[in-house]
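The values are calculated or read from the model by the stated rules, or taken from the named source; none is laboratory data. Bear in mind that the values here come from a model prediction, so they are computed numbers and not experimental data. FYI the Cβ positions are ideal-geometry reconstructions off the backbone, even for glycines, and counts take in every protein chain you see.
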Amino acid sequence: MTSSVFLLVLIAAIFHAGWNFAARKAAGNLVAVWLGLWLGCAVVFPGVIGIAVCKGLPETVPTQAIACIIATGLIHSVYFRLLAAGYEHGEISLVYPIARGSGIGLTAILASLFLKESFTLLGAIGIGLISLSIISLGTTARGKAHDTKAVTLALSVGASIVAYSLVDKVGVNHVNPVVYIWSMYLIAAIVLTPFVVRRYRGTLGQVAGKYIGYSMIIGIGAMGTYLLILFAFTMGPVGYIVAVRESAVILGASAGIIFLKERFTITKIFAICVIVVGIIFIKLS
């Protein structure tokens, strides 16, 4: 992995931890996440128009690109719904590490099988260390963090991450990343709308007003973060990128401890140190 890709992914990790912390502060409210998607689409829309004006609209769009955009939009709608539910039922020190970490090893394996990506021994060890450490970090949480439903939701989020990572690695090679991310978030927002309207019938405006600040952080943060990752996908292997991106759990766990007063154990300290070692291994591979 080149230094530029490595730095790009680390920056994305910082922003990712930030918007997930905002989602947890909003208690995983689905309206906050849903409204964030619409706000993110609104912010990026001028960029989409600018690209269309400067480069012109293509005469034909590859069928594969259309399929990837539709697929990732649907997967992301599931991802955001599961993530909101996870933060509604569990602490960030449990949900975030397990959700992000559970898909790392599987993403690398599937990328090797279907995308023909290869990994060095050092890189494979790094991915393995990060995967095991992040899952260990999440399971050290106590109290409500051990709730079975929260763990199940976190693992389901991890599965959706594997799915959209592989789809987006293919799709972004056919569509400008800005147009791609705007399209997929728009689809996700549209798909989530009926669920939000039905669940918050009569109180939608009130709830949206309550969480508008968090929604702005979630929407702009999620959009900006994944846009950086999509650009990284065009420059490096998805398995390494997804693994290094999980350095965000260090920031997420720290935020939970400092601001939400969650327990910080020796096990957590050790897990974080191993994550750092895994990231170094990937960087050196």
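Please determine whether any residue of the range 206-220 is surrounded by fewer than 21 Cβ atoms within 10 Å (Cβ to Cβ) and among the basic types (Lys, Arg).
yes
Looking at the range 48-85, which of the residues that are part of a helix (DSSP H, G or I) and among the hydroxyl-bearing types (Ser, Thr, Tyr) is farthest from Ile187 (Cα to Cα)?
Once the filter is applied, the top-ranked residue is Thr63.
Give the range 56-114 a look and list any residue that's farther than 25 Å from Ala271 by Cα, hydroxyl-bearing (Ser, Thr, Tyr) and more than 13 Å from the chain's Cα centre (by Cα), or say none.
Answer for the range 56-114, where residues must be farther than 25 Å from Ala271 by Cα, hydroxyl-bearing (Ser, Thr, Tyr) and more than 13 Å from the chain's Cα centre (by Cα): Thr60, Thr63, Ser112.
Out of everything in the range 98-118 that is under 14 Å from Val249 (Cβ atoms) and in a helix (DSSP H, G or I), what residue ends up being modelled with the lowest pLDDT? Reasoning before the result, please.
Here is the first cut: in the range 98-118, the residues under 14 Å from Val249 (Cβ atoms) are 98-104.
Subset that is in a helix (DSSP H, G or I): 98-101, 104.
Working: Ile98: 81, Ala99: 84, Arg100: 81, Gly101: 76, Ile104: 72.
So, considering only residues that are under 14 Å from Val249 (Cβ atoms) and in a helix (DSSP H, G or I), the one modelled with the lowest pLDDT is Ile104.
Name the single residue that is nearest to Ile135 (Cα to Cα) among those in the range 86-97 being part of a helix (DSSP H, G or I) and not small (Gly, Ala, Ser).
Ranking the qualifying residues of the range 86-97, first place goes to Pro97.
Can you find even one residue in the range 147-168 that is crowded, with 23+ Cβ neighbours inside 10 Å, more than 15 Å from the chain's Cα centre (by Cα) and of a type outside the set (A, V, I, L, M, F, W, C)?
No, every residue in the range 147-168 fails to be crowded, with 23+ Cβ neighbours inside 10 Å, more than 15 Å from the chain's Cα centre (by Cα) and of a type outside the set (A, V, I, L, M, F, W, C).
Are there any helices (runs of 4 or more DSSP H) wholly within the range 199-283 with 1 or more residues that are touching a Gly at 6+ places or on another chain (Cβ under 8 Å), and if so which?
Ranges flagged: 212-233, 238-245, 248-259.
What number of residues within the range 78-125 are more than 17 Å from Val167 (Cβ to Cβ) and of a type outside the set (A, V, I, L, M)?
So the count comes out to 18.
Could you look through the range 119-146, keep only residues that are at pLDDT below 80 and hydroxyl-bearing (Ser, Thr, Tyr), and pick out the one that is farthest from Lys268 (Cα to Cα)?
Here the residue is Thr139.
So the check is Cβ under 7 Å with 6+ separation or different chains; which pairs have a first residue in the range 79-96 that's of a type outside the set (Asp, Glu) and a second one that's modelled with pLDDT of 85 or more and outside any helix (DSSP H, G or I)?
Ala84/Gly28; Ala84/Asn29; Ala85/Gly28; Gly86/Gly28; Tyr87/Ala27; Tyr87/Gly28
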